[in-house]
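Presented below is the structure to which this report refers.
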Amino acid sequence: MLDPVRMLCDGVILSIVASIYLMRILYLNPRLLLQDYPKAVQEAAPPKTAHEARLSTICSGSVSCTRNACTAYHGG
């Protein structure tokens, strides 16, 4: 049975966690999200270093793992 209060609480918690995670990434190294910037900004920026590319992959993977874990936990 769907519980609207539980959905709202879970949504708020996940939104706060995701916002903190993204703000931390942007504070530490905004170039990690370079693929999400407008094309003009991407073309003006120098290419990512090997270290930045590896960190981008790790950050993307952690977001995917978190999303999959939440889906599995809620039986989706």
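Nothing in this text is a laboratory measurement; each read-out follows from the coordinates by a stated rule. Small disclaimer: the values here were computed from a predicted structure and weren't measured. We place every Cβ from the backbone using ideal geometry, glycine too, and count neighbours over all the protein chains shown.
Observations on the model:
- Checked against (1) touching a helix residue (DSSP H, G or I) at 6+ places or on another chain (Cβ under 7 Å); (2) part of a helix (DSSP H, G or I), Lys48 passes all but a single condition, namely (2).
- Flag for Pro30 being out of contact with any Phe, Trp or Tyr (no Cβ under 6 Å at 6 or more places or on another chain), surrounded by 10 or more Cβ atoms within 10 Å (Cβ to Cβ) and either under 16 Å from Cys70 (Cβ atoms) or not acidic (Asp, Glu) (or both): yes
- The residue of the range 10-27 that is farthest from the chain's Cα centre (by Cα), among those that are of a type in the set (Gly, Ala, Ser) and surrounded by fewer than 11 Cβ atoms within 10 Å (Cβ to Cβ), is Gly11.
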